[in-house]
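Please read the structure below before turning to the comments.
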Amino acid sequence: ACNTASALALEEIKKEIDIPIIGVVEPGAKVAASVTKNKKIGLIGTKGTVHSKLYPEIIHRYDKEIQVFGQPCPLFVPLAEEGWVNEEITLLTAKKYISELTAKNIDTIVMGCTHYPLLRECIKKAVGDNVTLVDPAYETALVLKDYLLKNDMARLKEREPENEFYVSDQTEMFGRICRQALGRNFATRVINI
């Protein structure tokens, strides 16, 4: 689910693991290429994602004429993790980062980090109504759903789903983000290794 991991390590991981792996870059790039009208796409993401140049590479597979303008937005992740999704500081930060992209007349922005959809409202205010936001994580979920259905692997409401999450950071913060993003509480537990 990480754009940076997909951009920097997906191909190596696929070589090492014997199960299908779906990265987030390809689905997001495909949708961005299909929705742009003026062939000018902005990419916001971590420095690793933007500097990897993987999004432009994949977008150009669909249309070589599309211009992709990258803008690292490193402050977005801590703002999202703090839960400051609709704060003035978040809107000002979004306007500062995105002003360089809107000056290039983009009509589409790829939110190239799984934290960024939490800031969707502020990002939308910063870009205005004429710019389409693409959420690669959402597009990846649709690809996964299609894969599970085609391979008869989908659990179709037979019973309540079970959720188990493994996190590398504070579980309290993860719980808050789950409540905010998914609209419900999840039990969390710490596993000491």
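Details
- Scanning segment 81-98 for residues that are in contact (Cβ under 8 Å) with a residue 60 or more places away in the chain, part of a helix (DSSP H, G or I) and not polar (S, T, N, Q) turns up at least one hit.
- The residues of segment 81-117 that are aliphatic (A, V, I, L, M) and under 19 Å from Ala32 (Cα atoms), listed by number, are Ile98, Leu101, Ala103, Ile106, Ile109, Val110, Met111.
- Leading residue by the ranking (most open to solvent (accessible area, probe 1.4 Å)) among those in segment 1-22 that are within 17 Å of Tyr116 (Cα to Cα) and touching a residue at least 24 places away in the same chain (Cβ under 8 Å): Ala1
- The residues of segment 121-146 that are part of a strand (DSSP E or B) and closer than 19 Å to Leu54 by Cα, listed by number, are Leu133, Val134.
- Scanning segment 50-88 for residues that are aromatic (Phe, Trp, Tyr) and open to solvent by less than 30 Å² (accessible area, probe 1.4 Å), we see that the one that is nearest to Leu118 (Cα to Cα) is Phe76.
- Of the criteria (1) at pLDDT 95 or above; (2) over 22 Å from Thr140 (Cα atoms); (3) within 18 Å of the chain's Cα centre (by Cα), which one Thr36 fails: (2)
- Across segment 92-103, a minimum of one residue is classified as more than 16 Å from Leu133 (Cβ to Cβ), open to solvent by 10 Å² or more (accessible area, probe 1.4 Å) and touching a strand residue (DSSP E or B) at 6+ places or on another chain (Cβ under 9 Å).
The values are calculated or read from the model by the stated rules, or taken from the named source; none is laboratory data. Being a predicted model, the structure only gives us computed values, none of them experimental. Positions of Cβ are generated from backbone atoms using ideal geometry, with glycine treated the same way; all protein chains shown enter the neighbour counts. Accessible surface areas use protein heavy atoms only, side chains included; no ligands, DNA or RNA. Shrake-Rupley method; radii C 1.70, N 1.55, O 1.52, S 1.80 Å.
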